[in-house]
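The values are calculated or read from the model by the stated rules, or taken from the named source; none is laboratory data. These numbers were taken from a predicted model, which means no experiment stands behind them. Every residue, glycine as well, gets a Cβ built from its backbone with ideal geometry; the counts of neighbours run over all protein chains shown. For the accessible areas, the whole protein counts, side chains as well, though only heavy atoms, and no ligand, DNA or RNA atoms are used. Shrake-Rupley method; radii C 1.70, N 1.55, O 1.52, S 1.80 Å.
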Amino acid sequence: QVHVAESGGGLVQPGGSLRLSCAASGNILAINPMVWYRQPPGKQRELVASISSDGATNYADSVRGRFTISRDNAKKTVTLEMNSLKAADTAVYCCNANVLTEAPRIWRSYWGQGTQVTVSS
């Protein structure tokens, strides 16, 4: 059994910063990649940033230069540092982990429940 959980959302003023964390636990041999998605109100889910097991990163154009994704392979965690936040960043942020489980030995995608980020004055 694998569990993925996010933390760190909340309300922040425009121009402010927030840090989101995601931790995976359970029957895990490897995770590749770990990805942050978001779903703004009334819109479809979109990829925010991803990071591979060797540290290669990818960002949506809308967040590049403002957000930074990082991971700790030993702790099975991924962090999203969000700076210069805008109202357009308001969304539910979800973590996705593509996991190789120990038993059975298969790759499968797991999602967290999501955490709300609201950018407003």
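Restricting to the stretch 29-48, name every residue that is open to solvent by less than 20 Å² (accessible area, probe 1.4 Å) and farther than 20 Å from Ser120 by Cβ.
Within the stretch 29-48, the subset open to solvent by less than 20 Å² (accessible area, probe 1.4 Å) is 31, 34-36, 38, 40, 48.
Answer for the stretch 29-48, where residues must be open to solvent by less than 20 Å² (accessible area, probe 1.4 Å) and farther than 20 Å from Ser120 by Cβ: Ile31, Met34, Val35, Trp36.
Put simply, of Arg45, Arg38 the only residue that is farther than 17 Å from Ala5 by Cα and of a type in the set (Lys, Arg) is Arg45.
Restricting attention to the stretch 62-79, the residues that are open to solvent by 60 Å² or more (accessible area, probe 1.4 Å), part of a strand (DSSP E or B) and charged (D, E, K, R) add up to 1. Scanning the stretch 27-53 for residues that are in a strand (DSSP E or B) and free of Cβ contacts under 8 Å to residues at least 40 places away in the same chain yields Glu46, Leu47, Ala49, Ser50, Ile51. Of the residues making up the stretch 101-108, at least one is farther than 12 Å from Leu20 by Cβ and in contact with a Phe, Trp or Tyr (Cβ under 9 Å, 6 or more places away or on another chain). Residues in the stretch 7-20 that are open to solvent by 40 Å² or more (accessible area, probe 1.4 Å) and within 18 Å of the chain's Cα centre (by Cα): Ser7, Leu11, Ser17, Arg19.
Taking the numbered list (1) open to solvent by 20 Å² or more (accessible area, probe 1.4 Å); (2) touching a residue at least 24 places away in the same chain (Cβ under 8 Å); (3) among the aromatic types (Phe, Trp, Tyr) in turn, Tyr59 passes all entries but (2). The residue pairs whose first member lies in the stretch 85-101 and is over 28 Å from Ser25 (Cβ atoms), whose second member is in a strand (DSSP E or B) and among the hydroxyl-bearing types (Ser, Thr, Tyr), and whose beta carbons are closer than 6 Å, counting only pairs six or more residues apart or on different chains, are Thr90/Thr118.
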